[in-house]
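Taking it in order: structure first as structure tokens, then the write-up.
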Protein chains: 2
Amino acid sequence: MKQSQLFTKTRKEAPADETSKNAELLTRGGFIHKEMAGVYSFLPLGLRVINKVENIIREEMDKIGGTEMRTSVLQNKEVWEKSGRWDDEVVDNWFKTKLKNGGDVGLSFTNEEAYSNILKQYVSSYKDLPIYPYDFKSIFRNETRSKSGIMRGREFYWKALYSFSKNEEEHNAFYEKAKVAYQNIFKRAGIGHLTYVTFASGGTFSKFSHEFQTITSVGEDTVYLDEASNVAINEEVYNDEVIAELKLKKENLIEKKAIEVGNIFSLGTKFSAPFDLKYKDENGEEKLVIMGSYGIGLGRLMGTVVEVLSDDKGIVWPESIAPFTIHLLALGDDEVVMKEANKVYESLSQAGVEVLFDDRSGMSAGEKFSDADLLGMPYRAVVSPRSIKEGGIELKKRTEEKGKIVSVDELLTLFKPI
Amino acid sequence: MKQSQLFTKTRKEAPADETSKNAELLTRGGFIHKEMAGVYSFLPLGLRVINKVENIIREEMDKIGGTEMRTSVLQNKEVWEKSGRWDDEVVDNWFKTKLKNGGDVGLSFTNEEAYSNILKQYVSSYKDLPIYPYDFKSIFRNETRSKSGIMRGREFYWKALYSFSKNEEEHNAFYEKAKVAYQNIFKRAGIGHLTYVTFASGGTFSKFSHEFQTITSVGEDTVYLDEASNVAINEEVYNDEVIAELKLKKENLIEKKAIEVGNIFSLGTKFSAPFDLKYKDENGEEKLVIMGSYGIGLGRLMGTVVEVLSDDKGIVWPESIAPFTIHLLALGDDEVVMKEANKVYESLSQAGVEVLFDDRSGMSAGEKFSDADLLGMPYRAVVSPRSIKEGGIELKKRTEEKGKIVSVDELLTLFKPI
């Protein structure tokens, strides 16, 4: 994409009301637009990141047997009354609205109720199970405060998968697979090395749930991590008994701030019971379905990447979720430079390489460099009178200080998708 | 995908409360689930159709210079007050809700305000124009009645592109390009032959807007169409003066019922004025941006395809938007049949052909045939003791009465993507 055709522009200063690093950098880079506290629109560059995150998650969910669907935002009061979660006393951050011809509706708060209600219609026999449907959708939480940029929104884009299994054994086997899929997601999104499987409080049906906590000083959670075994304990369940049960040693556990980038938990029959979600087993006996829930916020993951990987010059996108792989810069308004840069842009684009081409005229090299640093594409390729004299393009990683001269052919060989 | 792993099932009877053909067939086929009147969830088969429609639209929008972004569902009251459309007296089918800490917010009703507000931040010079941002998102309309299935919902999934041009000339050139892009969309989605560019009422800034009307007896609109020139006039502007202006002849115009599957219109400065969306031209003079709006409902398009192309056995999907290209049926629980069918399924899947494989056991041939007719994949491939004896697979188009025997290799040659 040519930067001259991208309508967003970078800003030197962050808006005064953005106190979080992710919102500050993403706003300055033109990735997001704040509609109100906790509500952001995703501008073209931001949507490209969200789409890549979405594709990674989709691939990992499909790999473990997930089936995608898309449930509605507007939620039926009667359905939620079955689980007892319609009441504002029970869920205190609902957004609700009214139908013109009477009756209340809710805005999608989470998906257990909608899924249990849909599945009730299709599940009757052991042959129908297990199933693993999932959804990407906008979720709404009426939070009083919202200051963490895209990491904790009133509206956020989310993936939730629910597992419907015949019994505990089948449930546990899938739960372990999902744990691995989640680890893959964070690894592929570039924060695997900072993200720990964390034991957190469970509920009626299991002692623990599992969170995926990414270590960062701006995190809202406190965890105790054991670096050797790559696990952590959320402070809510951190006590001697749990430490012993997990075969960890107190002296090895380090207290850290972290942000929860995903969570999985066993629901047992919490929702299948009120929805009467049953199946007949091989002997004709009726049994309740065993459920599990597997959630991940795409904006939160994107915001976390910005929080933990950026430097003082701007964002540093991992290649897997960068809006573009290469930021190609044409320096100076020299005709030869522009012609050469255009040629490079065309060659790379035709080869299927994702390139953002800074073809804007009337801008200094300094301005283009600092924009490239702020926007954070993994590679910067510069065409300038000097690079042409030296026989090519100056290629530099976002995280490197110095670049090297490569030819167009070398560039193509390096980046051409297989 | 194996049908045994698809959690949805077909139903013989439509729910009593569904009176439209699209909702009846889509519900019976397990494509959609009704959450409440006018609000549907898209089950796995239905989402596959929506995704294909979305990809067609995206390709056509990108081809004419569109840039995708994603604006929020929650809408800021202050932004809408600028255009005067916040007031319930002005827009009578808003969904609104309240923030926990005070203040009203709306649910996305349309996108002119959000776009004008975002663009205001980025547009200042003639160099910044033209731009063509667009969005796929959920739109909410608080309709009193909702009986047309997925064709007129309280919540619906929508694409809207807005054009921001320097002047009328630039606007008109794009408007004509968009018209062609829209015609391409309906052609590609399989209803081009029934869809007419229709002159409808304009507004302050242009005499006409243009609708894309698909002829069907269940349509809510009345149009007068001229089959020879492929255009129509909406009854709202149908009069002698307009007929003469369009150089049509009254005696050639046929009255028909139709459904509006898309519309485009010129907005002039209707929104750029209240948002003070201006740019400096080459002479440093400040001018208001000229806007246009280009909308299309994905569920409505999908519903229209079902309304106009289905037959008395069920849905007939065009290949371009079918959930799967081939419905492969294994008939009888014979081991040889199942082995052969599995082989065909694997070969096709590996070749990248989208196949729904009816591998369910304990079902009669009649049940599988009628399911295949209801679900409406463009091709049916049957593996049975008879087809094996005759040397292959019985291949039949959904719209044909009789099939023919082909070998696996012939099947691969026919369907393998290039």
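At a threshold of 8 angstrom on Cα-Cα distance, excluding pairs fewer than six apart, so keeping six or more, what relative contact order does region A:148-303 reach in percent?
On the way: 294 pairs, mean separation 50.5, N = 156.
Computed value for region A:148-303: 32 percent relative contact order.
Taking every Cα atom in the protein assembly as shown, find the radius of gyration and the maximum pairwise distance Dmax, and write them in Å.
28.2, 93
Let me check the size of region A:15-94 from its C-alpha atoms; what are the radius of gyration and Dmax in Å?
Taking only Cα atoms of region A:15-94, I get Rg and Dmax of 17.8, 45 Å.
Among A:TYR40, A:THR399, A:ASN252, whose Cα sits farthest toward the positive end of the charge dipole of the protein assembly as shown (+1 at Cβ of Lys/Arg, -1 at Cβ of Asp/Glu, about the Cα centre)?
A:THR399
Please give the Cα centre distance for region A:362-391 versus region B:22-64, rounded to the nearest Å.
A separation of 44 Å, based on Cα centres.
Using the crude model of +1 on Lys and Arg Cβ and -1 on Asp and Glu Cβ, and no other charge, please compute the dipole size for region B:1-139 relative to its Cα centre, in debye to 20.
Numbers: 21 positive and 21 negative charges, 157 e Å.
Rounded to the nearest 20 debye, it is 760 debye.
Compare A:ALA181, A:ALA351, A:ALA200 in a GNM of chain A, Cα atoms joined below 10 Å, and give the one with the largest fluctuation.
So, out of A:ALA181, A:ALA351, A:ALA200, the one fluctuating most is A:ALA351.
Strictly over 21 Å apart at the Cα level, which of B:LYS82/B:LYS270; A:LYS21/A:LYS137; B:LYS9/B:LYS396; B:LYS21/B:LYS402 would you flag in this model?
Cα-Cα > 21 Å for A:LYS21/A:LYS137; B:LYS9/B:LYS396; B:LYS21/B:LYS402; rest within.
Of A:LYS187/A:LYS397; B:LYS187/B:LYS397; B:LYS52/B:LYS416; B:LYS96/B:LYS257, which sit over 22 Å apart, Cα to Cα?
On the way: A:LYS187/A:LYS397 20 Å; B:LYS187/B:LYS397 20 Å; B:LYS52/B:LYS416 18 Å; B:LYS96/B:LYS257 34 Å.
Flagged as over cut-off: B:LYS96/B:LYS257.
Starting from the Cα-Cα distance between B:ALA37 and B:ALA244, subtract it from 0.36 nm times their residue separation and give me the gain in nm to one decimal. Provide the component values of the computation, followed by the final result.
On the way: separation 207, 0.36 × 207 = 74.52 nm, distance 4.28 nm.
Extra length from B:ALA37 to B:ALA244 when fully extended: 70.2 nm.
From the label point of B:GLU367, set 7 Å along Cα to the beta carbon, how far off in nm is each other copy's matching point, shortest first?
Counterpart label points of B:GLU367 in the remaining copies fall at 7.0 nm.
Provide A:ARG188, B:ARG398 in ascending order of the number of other Cβ atoms located within 10 Å of each residue's Cβ, fewest first. Could you put the intermediate results ahead of the total?
Numbers: A:ARG188 19, B:ARG398 22.
Placing the least packed residue first, the sequence is A:ARG188, B:ARG398.
Calculate the all-directions average of the projected area of region B:1-144's alpha-carbon convex hull, and give it in nm².
Values: hull surface 51.9 nm².
Computing the convex hull of the Cα atoms and averaging its projections yields 13.0 nm².
Along the axis that rotates chain A into chain B, which residue of chain A has the nearest beta-carbon, and what is the gap in whole Å?
Nearest-to-axis residue on chain A, with distance in whole Å, is A:THR97, 2.
How big is the charge dipole of the protein assembly as shown about its Cα centre, in debye rounded to the nearest 20, if each Lys and Arg gets +1 on its Cβ and each Asp and Glu gets -1 on its Cβ?
Roughly 500 debye, rounded to the nearest 20.
Mean shadow of region B:326-415, computed from the convex hull of its alpha carbons, in nm²? Don't skip to the end; give the middle numbers.
Values: hull surface 20.4 nm².
Directional mean of the projected Cα hull area for region B:326-415 stands at 5.1 nm².
Divide, for region A:83-238, the radius of gyration over alpha carbons by 2.2 N^0.38 Å, where N is the residue count.
That works out to 1.21 for region A:83-238.
Return the average number of partner chain Cβ atoms within 10 angstrom of each residue Cβ along peptide B:95-108.
Working: counts 8, 2, 10, 4, 10, 10, 6, 1, 2, 0, 9, 1, 6, 2.
Other-chain Cβ atoms within 10 Å of each residue's Cβ, averaged: 5.
Would you tell me the mean number of C-beta atoms belonging to other protein chains that fall within 10 Å of each C-beta in A:150-157, as a whole number? Walk me through the intermediate numbers first.
On the way: counts 0, 0, 0, 2, 5, 4, 1, 2.
The per-residue average across the peptide is 2.
Could you give me the ³J(HN,Hα) list for region B:396-404, computed from phi with Karplus coefficients 6.51, -1.76, 1.60 and θ = phi - 60°, whole Hz, x at Gly and Pro?
Result, rounded to whole Hz: 9, 6, 4, 8, 9, 7, 10, x, 9.
Antiparallel as a % of all DSSP beta bridges within region B:326-415, to the nearest 5?
Of the beta bridges lying entirely in region B:326-415, close to 45 percent run antiparallel.
Springs between alpha-carbon atoms under 10 Å, Gaussian network over chain A: tell me which of A:PHE205, A:PHE42, A:PHE275 tops the mean-square fluctuations.
Checking each option, the largest mean-square fluctuation is seen for A:PHE205.
Place +1 on the Cβ of every Lys and Arg and -1 on the Cβ of every Asp and Glu in region B:3-309, take the dipole about the Cα centre, and give the residue among B:VAL123, B:ILE50, B:PHE136 whose Cα lies farthest towards its positive end.
Checked the options; the winner is B:ILE50.
For the protein assembly as shown, give me the percentage of DSSP beta bridges that are antiparallel, rounded to the nearest 5 percent.
Working: 130 of 164 bridges.
Around 80 percent antiparallel, to the nearest 5.
Along Cα→Cβ at 7 Å, what distances in nm separate the B:SER229 label point from those on the other copies, shortest first?
8.0
Quick one: compute a quarter of the convex hull surface over the Cα atoms of chain A and quote it in nm².
Values: hull surface 98.1 nm².
Its Cα hull, projected and averaged over all orientations, spans 24.5 nm².
Considering amide H positions built from the backbone, and no H for Pro or chain starts, which residues 5 or more places from B:GLY219, or on another chain, come under 5 Å of its amide H?
Under 5 Å from the amide H of B:GLY219: B:ALA258.
At a Förster radius of 51 Å, what calculated FRET efficiency corresponds to the Cβ-Cβ distance of A:THR19 and B:THR144, to the nearest 0.05? Let's see the in-between values first.
Details: r = 44 Å, r/R0 = 0.86.
Result of the calculation: an efficiency of 0.70.
Top mean-square fluctuation among A:ALA341, A:ALA330, A:ALA244, Gaussian network model of chain A, C-alpha springs under 10 Å?
Fluctuation is largest for A:ALA244.
Shortest first and in nm to one decimal, what separations exist between B:LYS270 and its copies in the other chains, measuring from label points 7 Å along the Cα-to-beta-carbon line?
Distances to the matching label points in the other copies: 4.8 nm.
Tell me, what ³J(HN,Hα) does each residue in region A:109-121 have, in order and in whole Hz, if you take phi through Karplus 6.51 cos²θ - 1.76 cosθ + 1.60 with θ = phi - 60° and put x for Gly and Pro?
Couplings: 9, 6, 10, 4, 5, 4, 5, 4, 5, 5, 5, 3, 6 Hz.
Once the dipole of chain A is set up with Lys and Arg at +1 and Asp and Glu at -1 on Cβ about the Cα centre, which of A:PRO385, A:GLN213, A:ASN263 lies farthest towards its positive end?
So the residue we want is A:PRO385.
Can you give the mean number of other chain Cβ atoms that lie within 10 Å of the Cβ atoms in peptide A:404-411?
0
Which order, highest average first, do A:276-285, B:170-179 follow once you tally other Cβ atoms within 10 Å for each residue and take the mean per peptide?
Numbers: A:276-285: 13.3, B:170-179: 17.2.
Order by mean packing, descending: B:170-179, A:276-285.
Could you work out the helix-only [θ] at 222 nm for chain A, with each DSSP H run of four or more residues adding -39,500 (n - 2.57) and the total divided by the number of residues, to the nearest 500 deg cm²/dmol? Mind showing how you got there, number by number?
Details: 11 runs with 123 residues, N = 418.
Calculated at 222 nm, the ellipticity per residue is -9000 deg cm²/dmol.
Once both labels are modelled 7 Å past Cα along the beta-carbon direction, what's the A:ASN51-A:THR10 spacing in nm?
The answer from the label model is 2.3 nm.
Order of B:SER209, B:SER116, B:SER320 from fewest to most other C-beta atoms within 10 Å? Could you put the intermediate results ahead of the total?
Working: B:SER209 21, B:SER116 26, B:SER320 16.
In increasing order of surrounding Cβ atoms, one gets B:SER320, B:SER209, B:SER116.
Rule-based calculations on the coordinates, nothing more; no lab input. Since this is a predicted model, take the numbers as computed values, not measurements. Glycine also receives a Cβ, built like all others from the backbone with ideal geometry; neighbour counts cover every protein chain displayed.
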